[in-house]
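Student: Dropping a structure here in structure tokens format, bear with me for questions.
Only the coordinates and a few stated rules stand behind these numbers; no lab work does. Fair warning: this is a prediction, and the values are worked out from it, not measured in the lab. All Cβ positions, even for glycine, are placed from backbone atoms using ideal geometry, and neighbour counts span all protein chains on display.
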Amino acid sequence: MPQAEHPDVSPPVDGQGRPSLLEAEHLAVRYGAVPAVRDVTLSVAAGEVLAVLGRNGAGKTTTLRVLAGLATAHHGKVRLAGRDMARVPAESRVRLGVALVPEGRGIFPGLTVEENLVMGAYQRRLSRRALRDELERVTGRFPILMSRRGQRAGSLSGGEQQMLAVARGLMSAPRVLLVDEPSLGLAPLVIEQIYMLFAALRDEEDITLVLVEQYVELVLEVADRAVVLEKGVSVLSGTAAALSASPELVNLYMTAEQKDPEQEDPEQEEGNVG
Ligand SMILES: Nc1ncnc2c1ncn2[C@@H]1O[C@H](COP(=O)(O)OP(=O)(O)OP(=O)(O)O)[C@@H](O)[C@H]1O
Ligand SMILES: [Mg+2]
């Protein structure tokens with residue numbers, strides 16, 4: 001599938017002319033013979049929320065793992081503030097400000113809430129005093145975690161564990177936080193709280209967010225822009241407002257039976273709607 005060519009300059013700009021903080025260009029990733037990602041291009045500007053949408057198996061998790069340096073692309077580039085990340089391992093990317101809140105949360109259930117949080121800051125080699133201040137600062141956003149600092153993480157509810165996973169990501173003082181399906185398995189009210197938190201992180205702390213989400217309507221309410229992956233290819237991208245209104249997005253998410261045959265367009269290729 002043809003993709004718009006991106007000029008090889010750094011730092012490139014997004015649709016509104018802002019320089020991109022983190023970008024991926026024509027990524028391709030294979031697991032053995034299985035192509036997980038075939039051609040993904042995306043970018044997020046500083047202070048922006050980017051939603052990464054797509055059905056099961058579309059390549060969303062693999063894309064985030066490449067951005068974080070946990071999976072290797074056999075083709076394509078990742079740049080952070082214009083710098084090529086090809087030779088920068090995952091730990092160094094954390095230090096440069098890229099944090100991943102993984103699918104399934106990845107917390108340590110046998111450790112306490114506080115121990116999990118401290119692990120999020122280990123790259124920073126903080127003094128005890130500074131670490132304590134960071135714990136105060138981060139848990140200040142999560143009153144529930146503050147009151148459960150000494151409790152085993154495994155005893156928290158699903159929503160609390162997701163908040164812990166996000167809080168642990170914040171302990172690394174990221175510039176960009178990559179979050180993989182934060183709403184998975186959670187009740188609507190809890191999901192809403194988590195999304196309010198994401199909006200606050202962007203608006204009050206200027207944290208850039210890349211959110212993988214299957215709840216399309218929900219994430220598009222918070223996101224500035226979105227990219228849609230289909231079978232490992234970024235097929236659609238644009239502002240959240242433009243995508244929300246786009247028939248292409250509806251087409252991608254509706255089943256064949258639900259689609260109005262009049263609207264179907266088999267020639268539909270990558271589109272940029274905003
Ligand atoms: N470790 C792996 N080994 C082999 N194939 C894999 C591996 N991880 C992912 N894949 C395959 O790569 C493709 C993309 O997977 P990925 O997990 O990135 O998709 P996803 O969009 O995150 O899906 P989901 O919505 O289910 O989380 C899928 O076909 C998947 O089966
Ligand atoms: Mg996934």
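Student: Starting at the first residue of segment 179-190, write each ³J(HN,Hα) from the Karplus equation 6.51 cos²θ - 1.76 cosθ + 1.60 with θ = phi - 60°, in whole Hz, x for Gly and Pro.
Tutor: Karplus values, whole Hz, x for Gly and Pro: 10, 9, 6, x, 8, 4, x, 9, 6, x, 5, 5.
Student: Let me ask you something else. Suppose we flag GluC sites (Glu not before Pro) only when DSSP calls them loop and at most 13 other Cβ atoms lie within 10 Å. Which is the longest uninterrupted stretch of the chain?
Tutor: Values: sites that count: Glu5, Glu257, Glu264, Glu267, Glu269.
Maximal segment without exposed cleavage sites: 6-256.
Student: Using only DSSP helix segments of four residues or longer, with each worth -39500 (n - 2.57), what per-residue ellipticity at 222 nm results for the chain after dividing by its residue count and rounding to 500?
Tutor: Dividing the helical sum by the residues of the chain leaves -9500 deg cm²/dmol.
Student: Provide the net charge surrounding Val166, with neighbours chosen by a C-beta distance below 10 Å and charges set as Lys +1, Arg +1, Asp -1, Glu -1.
Tutor: Values: positive: Arg105, Arg141, Arg168; negative: none.
Local net charge: +3.
Student: With an 8 Å Cα cut-off and a minimum separation of 6 or more residues, compute the relative contact order for segment 142-222 in percent.
Tutor: After rounding, I find 30 percent.
Student: List, in order, the whole-Hz ³J(HN,Hα) value for each residue of segment 64-70 obtained from phi through the Karplus relation with A = 6.51, B = -1.76, C = 1.60 and θ = phi - 60°; use x for Gly and Pro.
Tutor: 4, 5, 5, 4, 7, x, 9
Student: Along segment 129-140, what does the Karplus equation 6.51 cos²θ - 1.76 cosθ + 1.60 (θ = phi - 60°) give for ³J(HN,Hα), rounded to whole Hz, x for Gly and Pro?
Tutor: Values, residue by residue: 5, 5, 5, 4, 4, 5, 4, 4, 4, 5, 5, x Hz.
Student: While we're on this one: So how strong a dipole does the chain carry about its Cα centre when Lys and Arg Cβ are +1 and Asp and Glu Cβ are -1, to the nearest 20 debye?
Tutor: Result for the chain is approximately 1880 debye, rounded to the nearest 20.
Student: What number, in percent, do you get for the relative contact order of segment 23-180 if the mean sequence gap of Cα pairs under 8 Å and at least 6 apart is divided by its residue count?
Tutor: Across segment 23-180, relative contact order equals 25 percent.
Student: Let me ask another. Over the chain, what relative contact order in percent results from Cα pairs under 8 Å that are six or more residues apart?
Tutor: Dividing the mean separation by the residue count of the chain yields 24 percent.
Student: Would you work out which of Val235, Met146, Ser20 lies farthest towards the positive end of the dipole of the chain? Charges go on Cβ: Lys and Arg +1, Asp and Glu -1.
Tutor: Ranked along the dipole, the leading option is Met146.
Student: Tell me which residues come under 5 Å, amide H to amide H, from Ala45 once H is placed; ignore anything under 5 positions away on its chain.
Tutor: Leu21
Student: Which shape class, rounded, prolate or oblate, goes with segment 15-97 when its Cα gyration tensor gives a ≥ b ≥ c as root eigenvalues, a/c under 1.5 marks rounded, and past that a/b bigger than b/c marks prolate?
Tutor: oblate
Student: Additional query: Let me see the pair-distance distribution of segment 20-267: every alpha carbon pair, 5 Å bin width, integer percents in order.
Tutor: 1, 6, 14, 17, 19, 16, 12, 8, 4, 2, 1, 0, 0
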